[in-house]
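**Student:** One structure is given below, represented as structure tokens, and several questions about it will come after.
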Amino acid sequence: MEFNVMTFNMHHGRGIDGKLSLERIAKVIEESKADLIGLNEVDRYFSKRSDYIDQISWLAKHLKMNQAFGEVIVLRSKDSKVCRQYGNAFLSRYPIVWEKNHLFTFGSTITENRSLLEIHVQLYERLLKVYVTHLSLNPFLHKKQVDFISKKIMDEPHPVIIMGDWNMRSGSGAWKKMNRCFTDVCKAAGTGACYTFPSFRPKLQLDYIFVSRDIYPVSVEVIKKAPAASDHLPLKATLLLNR
């Protein structure tokens, strides 16, 4: 059973040309033919920068997909009952049967908070566990976040996909820690480094997809058709899971 997975830091829909366009983000996702999509830097009624739109609900409706959201920042103004949120999100062509957001509490008072969004997807008769995250640039917090993630999913009996903006280099200590039990799809597919940042003339890989050993990466590509849509390029993988 083959299916397509994509991770994309969408920069709250604002491209490097300064234009805010969810239509452009939706077109990138639609043309990728991805079945499962992890998204970073997503706004829900957050601020004027994204026109106070619930971005993940808009995308889910436009693309006719199921959705999940995990906040990292929550703001509530005194004169409004609307809860303004920013965080990670997920889109799926398959049913979502359960979801939970694991908020990292360490370091939240000194820097932007981070979280791990956990989603259980019914992939035909198999239960697939998908995680979406966006890790800190702070080295100390980054290490603690990777430790939390690796401990949580190390002994998971179900097939696992974990993806997002990791803010790390391939071959780093954090990358090696993840590769002890999981597979970096770019390395497994033999594509070499999958540069995703910056979107014009990318020189770094900050976005990764890791899979458990029972999932085989068939092919991997960095999608370069719409580099203006975000400051990151999407990373897509075709995966094989035996039924």
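The values are calculated or read from the model by the stated rules, or taken from the named source; none is laboratory data. Predicted, not measured: the structure shown is a model, and the values here were computed from it. Because the Cβ atoms are built from the backbone with ideal geometry, glycine has one as well, and the counts that use them run over all protein chains shown. Protein only, heavy atoms only, side chains kept; ligands, DNA and RNA dropped before computing areas. Shrake-Rupley method; radii C 1.70, N 1.55, O 1.52, S 1.80 Å.
**Student:** Please calculate how many Å² of accessible area the chain carries per residue, with a 1.4 Å probe and no DNA, RNA or ligand atoms counted.
**Tutor:** Value returned for the chain: 46 Å² of accessible area per residue.
**Student:** Can you run the Rg to Rh ratio on segment 120-200? Use alpha carbon positions and the Kirkwood inverse-distance Rh.
**Tutor:** Dividing the radius of gyration by the Kirkwood radius yields 0.98.
**Student:** How about segment 193-243: which chymotrypsin sites (Phe, Trp or Tyr not before Pro) there lie in a loop by DSSP and see at most 13 other Cβ atoms within 10 Å?
**Tutor:** Hits after loop and neighbour filter: 200.
**Student:** Which number gives the lysine pairs in segment 10-148 that have C-alpha atoms under 25 Å apart and are eight or more places apart or on different chains?
**Tutor:** Lysine pairs meeting both conditions in segment 10-148 amount to 25.
**Student:** Trypsin sites (Lys or Arg not before Pro), restricted to segment 93-202: which are DSSP loop and have at most 13 other Cβ atoms within 10 Å?
**Tutor:** Those that pass, being in a loop and sparsely packed, are 169, 180.
**Student:** When the Karplus curve 6.51 cos²θ - 1.76 cosθ + 1.60 is applied with θ = phi - 60°, which whole-Hz ³J(HN,Hα) does each residue of segment 2-13 get, with x for Gly and Pro?
**Tutor:** For segment 2-13, the Karplus curve yields 9, 8, 10, 10, 9, 10, 8, 7, 8, 6, 6, x Hz.
**Student:** Still on this model: Extent of segment 102-243 along each principal axis, from alpha carbon coordinates, in Å, largest to smallest?
**Tutor:** Between the extreme Cα coordinates on each principal axis of segment 102-243 lie 45, 35, 26 Å.
**Student:** Right, something else. Can you list the residues, at least 5 places off or on another chain, whose amide H is less than 5 Å from the amide H of residue 209, using H built in the peptide plane?
**Tutor:** 185, 186
**Student:** By how many nm would the segment from residue 156 to residue 216 lengthen if fully extended, with 0.36 nm per residue of separation less the alpha-carbon distance?
**Tutor:** Here the segment from residue 156 to residue 216 would lengthen by 19.9 nm.
**Student:** Separate question: Please say if segment 3-109 is rounded, prolate or oblate, where rounded means a/c under 1.5 for a ≥ b ≥ c the square roots of the C-alpha gyration tensor eigenvalues, and otherwise the choice is prolate for a/b larger than b/c and oblate otherwise?
**Tutor:** oblate
**Student:** Report the normalised scattering of segment 180-242 as log10 I(q)/I(0) at q = 0.15, 0.29 Å⁻¹, calculated by the Debye formula with identical scatterers on the alpha carbons.
**Tutor:** For segment 180-242 at q = 0.15, 0.29 Å⁻¹, log10 I(q)/I(0) is -0.45, -1.19.
**Student:** Sequence neighbours fewer than 8 away in the same chain don't count; with that in mind, list the aspartates and glutamates whose C-alpha is under 16 Å from residue 224.
**Tutor:** Answer for residue 224, where 16 Å is the Cα cut-off: 17, 30, 31, 207, listed by chain and number.
**Student:** Using a 1.4 Å probe on the protein heavy atoms, what percent of the accessible area of the chain belongs to carbon and sulfur?
**Tutor:** 52 percent
**Student:** Run the lone-cysteine check on the chain: no other Cys C-beta under 4.7 Å from the residue's C-beta.
**Tutor:** 83, 181
**Student:** Which one of 138, 101, 88 has the biggest mean-square fluctuation once the chain is modelled by GNM with Cα springs under 10 Å?
**Tutor:** Answer for the Gaussian network model of the chain: 138.
**Student:** Can you tell me which of 192, 164, 38 moves the most in a GNM of the chain? Springs connect C-alpha atoms under 10 Å apart.
**Tutor:** Its mean-square fluctuation being the largest, the pick is 192.
**Student:** Round to a whole angstrom and tell me the spacing of the C-alpha centers of segment 6-67 and segment 87-153.
**Tutor:** Between the Cα centres of segment 6-67 and segment 87-153 lies a distance of 18 Å.
**Student:** I've got another one for you. With each run of n ≥ 4 DSSP H residues scored as -39500 (n - 2.57), what mean residue ellipticity at 222 nm is computed for the chain after dividing by its residue count and rounding to the nearest 500 deg cm²/dmol?
**Tutor:** -5500 deg cm²/dmol
**Student:** With θ set to phi - 60° and the Karplus curve 6.51 cos²θ - 1.76 cosθ + 1.60, what are the ³J(HN,Hα) couplings of segment 209-220 in order, to the nearest whole Hz, using x for Gly and Pro?
**Tutor:** Those phi angles translate into 10, 10, 10, 6, 5, 8, 10, 10, x, 7, 7, 9 Hz.
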